[in-house]
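*Asks:* Next up is a structure, given as structure tokens.
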Amino acid sequence: LRSEMGNVERLSLVGQMAAGITHEIRNPMAVVRGFLQLMREKSPVSLDHYYRIVMEELDRANGIINDFLSLAQNRIVEKEEKHLHGLVQELVPLLWADANLRGQTIELKLGDGVPNLYLNPKEIKQLILNLARNAMEAMGEKGLLTILTRTDEEFVELEVKDTGPGIPAERIGRLFEPFYTTKAKGTGLGLSLCMRIAERHHGTIAVNSAEGVGTSFIVRLRRLADYAPALSELKSSREA
Ligand code: ADP
Ligand code: MG
């Protein structure tokens, strides 16, 4: 019991440090961002080109910090009863804009009888977005991204499927490692965050991939009915 306590304390210390560090980094970054905007407005020569690059990099760094913070902190997420399809629909305009730029297509196959789930909307949207972004980044032009949902007695499944190059079997095992990336500008935090979010929802993520055919990430979330009695669990997660 003692060593377990030690573990919990260490985890929260890491979380606290992450919060402290990210706060200290975010503040100067916000200042840099503000002054950049001002410099562009006041500058006699056009800085648009440099401005765009610097802003993109700043926003990227900010995104990494946010993902890292979300990963390092075992934070308690507020959950509410919501429908998965509503969240998917909210993301559709964003996903279509991205897909259009890449010459790709999106298809939704939202299954019948999917019940409400007990979830944190922000986190589940982040999860779907991360999986969809990966899918789009993996595919070339004419790629097809399919988002499917289905349900059985116990689980609701969300599948994000692409027609990309697939993932070699020897790489599958590393996908969810923090900082594992094969992209020049990747952070390797996307899938570890997805895994963390699924865990916070008592869910799992599985991968199916065939080289030259495509990849499918399948998120399984427990149905609300199985959840409702688990109040003790909710209480303990709130105390953690
Ligand atoms: P990042 O996207 O920043 O590289 P992720 O954690 O989101 O980090 O993904 C890790 C790696 O998993 C990617 O770099 C890529 O090699 C692989 N990957 C993830 N999704 C797919 C996909 N749909 N198709 C092919 N490879 C993928
Ligand atoms: Mg990613």
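The values are calculated or read from the model by the stated rules, or taken from the named source; none is laboratory data. Bear in mind that the values here come from a model prediction, so they are computed numbers and not experimental data. Cβ placement follows ideal geometry from the backbone for every residue including glycine, while neighbour counts extend to all protein chains displayed.
*Asks:* Among the residues in the range 22-45, are any closer than 25 Å to GLN73 by Cβ, of a type in the set (Ser, Thr, Tyr) and under 29 Å from the mean Cα position of the chain (by Cα)?
*Replies:* Checked against the condition, which is being closer than 25 Å to GLN73 by Cβ, of a type in the set (Ser, Thr, Tyr) and under 29 Å from the mean Cα position of the chain (by Cα), the range 22-45 yields at least one hit.
*Asks:* Taking only the range 153-173 into account, find how many residues are without any contact (Cβ under 8 Å) to a residue 12 or more places away in the chain and near ligand 1 (Cβ under 8 Å from one of its atoms).
*Replies:* Counting residues in the range 153-173 that are without any contact (Cβ under 8 Å) to a residue 12 or more places away in the chain and near ligand 1 (Cβ under 8 Å from one of its atoms) gives 1.
*Asks:* Related question: Name, by its number, the condition in (1) within 12 Å of ligand 1 (Cβ to nearest atom); (2) under 15 Å from LEU108 (Cβ atoms); (3) hydrophobic (A, V, I, L, M, F, W, C) that does not hold for LEU148.
*Replies:* (1)
*Asks:* Quick check: is even one residue across the range 120-128 surrounded by fewer than 17 Cβ atoms within 10 Å (Cβ to Cβ) and at pLDDT below 90?
*Replies:* Within the range 120-128, none of the residues are surrounded by fewer than 17 Cβ atoms within 10 Å (Cβ to Cβ) and at pLDDT below 90.
*Asks:* Still on this model: Would you confirm whether or not the range 113-133 contains a residue that is of a type outside the set (Asp, Glu), farther than 30 Å from HIS23 by Cβ, in a helix (DSSP H, G or I) and within 16 Å of ligand 1 (Cβ to nearest atom)?
*Replies:* The answer is no; no qualifying residue exists.
*Asks:* Only one residue in GLY166, GLY188 is in contact with a Pro (Cβ under 7 Å, 6 or more places away or on another chain) and part of a loop (DSSP other than H, G, I, E, B), so which one is that?
*Replies:* The match here is GLY188.
*Asks:* Is the range 7-17 home to any residue that is modelled with pLDDT of 90 or more and surrounded by fewer than 14 Cβ atoms within 10 Å (Cβ to Cβ)?
*Replies:* no
*Asks:* Looking at LEU87 and the list (1) in contact (Cβ under 8 Å) with a residue 12 or more places away in the chain; (2) more than 20 Å from the chain's Cα centre (by Cα), which single condition is not satisfied?
*Replies:* Of everything listed in (1) in contact (Cβ under 8 Å) with a residue 12 or more places away in the chain; (2) more than 20 Å from the chain's Cα centre (by Cα), LEU87 misses just condition (2).
*Asks:* Let me ask something additional. Taking the criterion of being within 17 Å of the chain's Cα centre (by Cα) and farther than 24 Å from ARG222 by Cα, would at least one residue in the range 146-155 satisfy it?
*Replies:* Taking every residue of the range 146-155 in turn, none turns out to be within 17 Å of the chain's Cα centre (by Cα) and farther than 24 Å from ARG222 by Cα.
*Asks:* Cβ-Cβ below 8 Å, separation at least six or inter-chain, first residue in the range 111-140 and farther than 13 Å from ASP162 by Cβ and among the acidic types (Asp, Glu), second within 16 Å of ligand 2 (Cβ to nearest atom) and in a helix (DSSP H, G or I): which pairs?
*Replies:* Once the first residue is farther than 13 Å from ASP162 by Cβ and among the acidic types (Asp, Glu) and sits in the range 111-140, its partners that are within 16 Å of ligand 2 (Cβ to nearest atom) and in a helix (DSSP H, G or I) give GLU123/ILE197.
*Asks:* Go through the range 203-220 and give me each residue that's of a type outside the set (Gly, Ala, Ser) and within 16 Å of ligand 2 (Cβ to nearest atom).
*Replies:* Correct list: ILE205, VAL207, THR215, PHE217, VAL219.
*Asks:* Determine if the range 136-146 includes at least one residue that is in contact with a Gly (Cβ under 6 Å, 6 or more places away or on another chain), in a helix (DSSP H, G or I) and either farther than 21 Å from LEU189 by Cβ or within 12 Å of ligand 2 (Cβ to nearest atom) (or both).
*Replies:* Yes: one or more hits.
*Asks:* Something else about it: If I go through the range 137-175 residue by residue, how many of them are over 15 Å from TRP96 (Cα atoms), among the aliphatic types (A, V, I, L, M) and either touching a Ser or Thr at 6+ places or on another chain (Cβ under 6 Å) or surrounded by fewer than 18 Cβ atoms within 10 Å (Cβ to Cβ) (or both)?
*Replies:* Going through the range 137-175 one residue at a time, the tally reaches 5.
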